[in-house]
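The values are calculated or read from the model by the stated rules, or taken from the named source; none is laboratory data. None of the values given here were measured: they were computed from a predicted structure. Positions of Cβ are generated from backbone atoms using ideal geometry, with glycine treated the same way; all protein chains shown enter the neighbour counts. Quick note on the areas: whole protein, heavy atoms, side chains included, nothing else; ligands and nucleic acids left out. Shrake-Rupley method; radii C 1.70, N 1.55, O 1.52, S 1.80 Å.
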Amino acid sequence: MSLRALSPLEIRVLGVLSEKQRTVPDSYPLTLNSLVAGCNQKTSRNPILDVSEAEAQATLDSLKSLSLVTESSGGRAYRYAHNIDGVLRIPSQSIVLLTVLMLRGPQTAGELRIASDRMHNFADISSVEAFLDELAERPAGGLVVKLPRLPGARESRWAHLLGGAPAEDTPSPYPIAGSEDVSLGEVAALKANVARLEAELDGMKALVGRICSELGISDAS
């Protein structure tokens, strides 16, 4: 099946459904609330998003039109499941790798093996690379691509193609001391932590502003 390019939010929703199927099977299929929480996680996500229920529902409806998501009624709420295997016809190990790429962005085969551990235990990096090669050379159209190696990097990263061709990397013009010893996974984790701290700082500023307003004093910040 030929699939149109998915939006970033469609990719995030699909990735969360696939991840939760394997990591919290007792809660799967997911309710809308659980899906939104998974989309907005601050860990194991790149980029970090702030998705509303309305945005998530609209995205689910869009994915349902592509047969990538199914809806069922369970208890008092509708529940949602992915249908990646039914649409793309790829093995479960490949779905796991695609899921990690959808949720965390480009990674090396070694990083993918570590990040996939909760969903599937790949025997070694060669096993990961074999499934990646199959996804890249898929007769119906490649689903992943091996990116050019970045300056100073030891390994090439892989990216998914569900949203179209990935944007070209723009290395920082300011070299990091000892960067040759820092993995791309560590850099991604640092970026996530910075984003989280910035969000917390914005929240504290807003709180201080409200307190100052209630007390009738000026906000020095």
Task: Residue under evaluation Ser73, criteria (1) farther than 28 Å from Ala130 by Cβ; (2) touching a helix residue (DSSP H, G or I) at 6+ places or on another chain (Cβ under 9 Å); (3) free of Cβ contacts under 8 Å to residues at least 60 places away in the same chain, criterion not met - done: (2)
Task: Residue check for Ser18: under 21 Å from Leu101 (Cβ atoms), open to solvent by 60 Å² or more (accessible area, probe 1.4 Å) and of a type in the set (Gly, Ala, Ser) - done: no
- [ ] Check whether at least one residue in the range 13-22 is in a loop (DSSP other than H, G, I, E, B), modelled with pLDDT of 95 or more and of a type in the set (D, E, K, R), and report yes or no.
- [x] no
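Quick check on this structure: which one of Asp181, Asp219, Asp169 is in contact with a Gly (Cβ under 8 Å, 6 or more places away or on another chain) and modelled with pLDDT under 70?
Answer to the check: Asp219.
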Open item on the list: Looking only at residues that are surrounded by fewer than 23 Cβ atoms within 10 Å (Cβ to Cβ) and assigned to a helix (DSSP H, G or I) in the range 98-108, which one is nearest to the chain's Cα centre (by Cα)?
Closed with: Leu103
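Does the range 46-65 hold any residues that are touching a residue at least 24 places away in the same chain (Cβ under 8 Å) and either out of contact with any Phe, Trp or Tyr (no Cβ under 8 Å at 6 or more places or on another chain) or part of a loop (DSSP other than H, G, I, E, B) (or both), and which are they?
Asn46, Pro47, Ile48, Leu49, Val51, Glu55, Ala56, Gln57, Thr59, Ser62, Leu63
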TODO: Please verify whether the range 49-67 includes one or more residues that are in contact with a Pro (Cβ under 9 Å, 6 or more places away or on another chain), closer than 30 Å to Thr108 by Cα, modelled with pLDDT of 95 or more and surrounded by 13 or more Cβ atoms within 10 Å (Cβ to Cβ).
DONE: yes
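Out of the residues in the range 68-97 meeting the condition of being hydroxyl-bearing (Ser, Thr, Tyr) and open to solvent by 30 Å² or more (accessible area, probe 1.4 Å), tell me which one is nearest to the chain's Cα centre (by Cα).
Of everything passing the filter in the range 68-97, Ser92 is nearest to the chain's Cα centre (by Cα).
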Open item on the list: I'm trying to understand the selection: among the residues of the range 125-153, which are part of a loop (DSSP other than H, G, I, E, B) and open to solvent by 70 Å² or more (accessible area, probe 1.4 Å)?
Closed with: Glu137, Pro139, Pro148, Arg149, Pro151
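Would you point out which residue out of Ile90, Ile95 is part of a helix (DSSP H, G or I) and hydrophobic (A, V, I, L, M, F, W, C)? Give the steps one after another, and end with the answer.
On the way: Ile90 fails: part of a helix (DSSP H, G or I).
It is Ile95.
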- [ ] Among the numbered conditions (1) open to solvent by 30 Å² or more (accessible area, probe 1.4 Å); (2) under 16 Å from Ile84 (Cα atoms), tell me where Leu6 comes up short.
- [x] (1)
